[in-house]
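In what follows, a single structure is set out as structure tokens and then discussed.
Since every read-out is calculated from the coordinates, none of them should be taken as a lab result. In this text, all values refer to a predicted model and were calculated from it rather than measured experimentally. Cβ: placed from backbone, ideal geometry, glycine included. Neighbour counts: every protein chain shown.
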């Protein structure tokens, strides 16, 4: 089982729609969860972080965390063509001896104008 | 405020050679991690450095080694290069204390021929 799993996509949504991206993780004691956006040919950029169960909203982005189900999601409202990118889910895992951040393979999102 | 800077941006090496990649973290950041990203894949964790010590390591052979200097900058060394080492190598930094995500550099594109 992969430590962080995402549907590779591509996920295609029309402009103005809600894009829903999902991620599951295997380490039950993971505490920190992140979403990164990576445009083609560029490096990942942090867009959301979440640490507690529930929803966290930032502009058009909402991150959702359910630790019991080991599930993280990202909702993008009013999707724009400029949102077309690969979205990487990342989980910070480990113990007091040290933590590491593990990435999923990413979900490619296409927003059609 | 300069972000994470990496050098060189591109590199072509021959099988069997050795390579050194360099990274300067974002100002105020003390933790540096290195990732390998193959085309179409998510970043794979190589190792993390804090206080000049390797604190966590991913599933990479001993051919991959690193170093962190007192000014928090870091190097990634790869010996006996294989064709499969061709990838984008990303350096990421963050503050150790607190629940922070990473800031990534632009990466070094390594091609092994």
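Neighbouring Cβ atoms from other chains, within 10 Å of the Cβ of residues in A:40-46, number 6 on average. Label the protein assembly as shown by shape, choosing from rounded, prolate and oblate, from the square roots a ≥ b ≥ c of the eigenvalues of the Cα gyration tensor; if a/c is under 1.5 it is rounded, and otherwise prolate applies when a/b is larger than b/c, oblate when it is not. Verdict is prolate for the protein assembly as shown.
At a 10 angstrom cut-off on C-beta neighbours, averaged per residue, how do the peptides A:86-95, B:24-33 rank from highest to lowest?
Values: A:86-95: 21.5, B:24-33: 20.0.
In decreasing order of mean packing, A:86-95, B:24-33 become A:86-95, B:24-33.
Using C-alpha pairs below 8 Å separated by at least 6 residues, the relative contact order for chain A is 37 percent. Mean-square fluctuations from a GNM of chain B, with a 10 angstrom spring cutoff on Cα atoms, peak among B:72, B:102, B:89 at B:102. Looking at the protein assembly as shown, what % of its DSSP beta bridges pair antiparallel, to the nearest 5? Of all bridge pairs located within the protein assembly as shown, approximately 90 percent are antiparallel.
Give me the inter-chain shielding for B:96-105: mean count of other chain Cβ atoms within 10 Å, whole number please. Working shown, then result.
Working: counts 1, 0, 1, 8, 5, 14, 9, 4, 7, 1.
Counting other chains' Cβ atoms within 10 Å and averaging over B:96-105 gives 5.
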